[in-house]
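Nothing in this text is a laboratory measurement; each read-out follows from the coordinates by a stated rule. Computed from a prediction, not measured in an experiment: that's the story for all the values here. Cβ: placed from backbone, ideal geometry, glycine included. Neighbour counts: every protein chain shown.
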Amino acid sequence: MPSLFSNISQPAIHVDPDEQIELRARAAGEHRATALAHPNIAFIKYWGNTDHLQRLPANPSLSMNLADLYTVTTVAFEAALTEDLLIINGTSVTGPGLARVTTSLDLIRTEASLNLAARVESESNFPVGSGIASSAAAFAALSVAGAAAAGLALSEAALSRLARRGSGSACRSVPAGYCQWLTGDDQTSVAASLAGADHWDLRDLVVIVSQEHKSVGSTGGHQIADTSSLQPARVAGAESRLAACRQALLARDLAAMGPVIEEDTIIMHAVMMSGHPPLYYWHPATMALIQATQQWRQEGLPVYFTIDAGPNVHLICEAQHAPAVEAAARRIPGVQNVLTSRAGGPARLIEF
Ligand code: PMV
């Protein structure tokens with residue numbers, strides 16, 4: 001299969017992320033589908049599980065899908081294959097990466113009573129290690145494409161559950177726009193849309209200060225969360241931070257939402273830094289951006305930060321302020337690049 005994207009900025013084929021194809025009946029013996037999904041940025045963070053295998057979160061979370069970034073995944077179940085194959089951005093992946101995909105495919109195969117291995121080909125238009133959780137878009141696209149290829153007509157909630165089993169935050173990339181993921185059991189802990197992408201023209205400016213691969217990824221990080229004596233306090237307060245964030249989001253009130261998302265980020269990083277072993281994701285430029293954000297606000301620029309499990313900083317502002325925020329961020333020493341995204345739609349089939 002030719003590469004879907006010859007490089008990051010120039011897709012080799014045109015994929016319109018706003019386009020959703022009609023689900024049509026699958027011809028007999030046809031076991032192939034392609035889906036597109038966006039990564040998401042959490043405003044209220046998911047950190048720690050009550051069940052690591054099922055990825056049941058310790059607390060509810062809330063996020064925004066990122067329209068300008070996406071992963072396109074094709075799943076083809078083929079009688080000629082003896083084992084699952086995974087190709088990411090043109091490179092064959094084996095080991096733990098493949099095993100994680102096989103675990104998700106097994107859930108689909110069991111549900112569909114299908115006994116065929118799959119070829120999975122995935123391409124993203126954003127760089128790996130850019131501070132954007134690539135696993136969220138990857139497992140959302142895999143779930144939507146895999147279920148369709150297997151002939152399953154799953155509800156959005158069932159697809160969100162399937163995505164969650166691959167990567168917790170992936171469940172929030174299945175519904176559209178601004179999504180909430182509640183705690184619960186394997187059936188009920190799924191994400192749902194609070195508001196569509198057009199509800200509010202927020203921008204996420206991903207400020208890249210390092211492209212290094214982090215030594216402890218989020219799957220390992222969730223397991224360390226419980227070793228911090230601060231985690232119970234973080235979890236206890238998450239519900240009320242989520243309620244405040246949701247209310248401000250629905251009212252399009254960034255002055256109310258911003259301080260809540262910053263506090264939620266800092267509490268999560270305090271848990272990370274006080275665990276055993278401690279996880280220090282920040283670089284000096286991360287701290288410089290946190291302090292600069294406060295300074296910019298004092299100077300009249302309404303912008304707030306959030307940071308995932310890495311050193312890169314996501315600056316959240318309304319569309320009209322994005323050019324000024326980007327220019328200010330690029331002046332901070334250590335900033336390598338800035339990727340900007342609007343709010344995005346749901347994970348969807350683009351070829352079936
Ligand atoms: O879905 P995971 O296991 O990659 O965890 C994501 C964790 C954070 O990005 C730090 C927070 C979040 O809610 O997305």
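Give, in whole angstrom and from largest to smallest, the semi-axes √(5λ) of the equivalent ellipsoid of the range 17-197, with λ running over the eigenvalues of the Cα gyration tensor.
24, 17, 17
Taking the 0 to 90 degree range and rounding to the nearest ten, how far is the long axis of helix 284-298 tilted relative to the main principal axis of the chain, both from C-alpha atoms?
60
Residue by residue through the range 317-325, what is 3J(HN,Hα) from phi via Karplus (6.51 cos²θ - 1.76 cosθ + 1.60, θ = phi - 60°)? Round to whole Hz and write x for glycine and proline.
3J(HN,Hα) across the range 317-325, in whole Hz: 8, 7, 3, 5, 9, 4, x, 5, 5.
Peptides 200-209, 308-317, 44-53: what's the order by average Cβ count within 10 Å, highest mean first?
Result, highest mean Cβ count within 10 Å first: 308-317, 200-209, 44-53.
For the chain, what does the relative contact order come out to in percent, with C-alpha contacts under 8 Å and a separation of six or more?
After rounding, I find 25 percent.
Helix-derived [θ] at 222 nm for the chain: sum -39500 (n - 2.57) over DSSP H runs of at least 4, divide by residue count, nearest 500?
Helix contribution divided over all residues of the chain: -11000 deg cm²/dmol.
Using label points projected 7 Å from each Cα along Cα→Cβ, tell me how many nm separate R297 and T94, to one decimal.
5.1
What net charge do the residues around I267 carry, taking every other residue with its C-beta under 11 Å from that of I267, with Lys and Arg at +1 and Asp and Glu at -1?
0
When you count, for each residue, the other Cβ atoms within 10 Å and take the mean per peptide, how do 342-350, 83-91, 144-152 rank with the highest first?
144-152, 342-350, 83-91
Relative contact order (percent) for the range 202-341, with alpha-carbon contacts under 8 angstrom and 6 or more residues of separation?
After rounding, I find 43 percent.
Starting from the amide H of A67, placed 1.01 Å from N in the peptide plane, find each other amide H under 5 Å away whose residue is 5 or more places distant or on another chain.
It is R342, A343, G344, by chain and number.
Calculate the length of the line joining the C-alpha centroid of the range 141-164 to that of the range 246-269, in whole Å.
31
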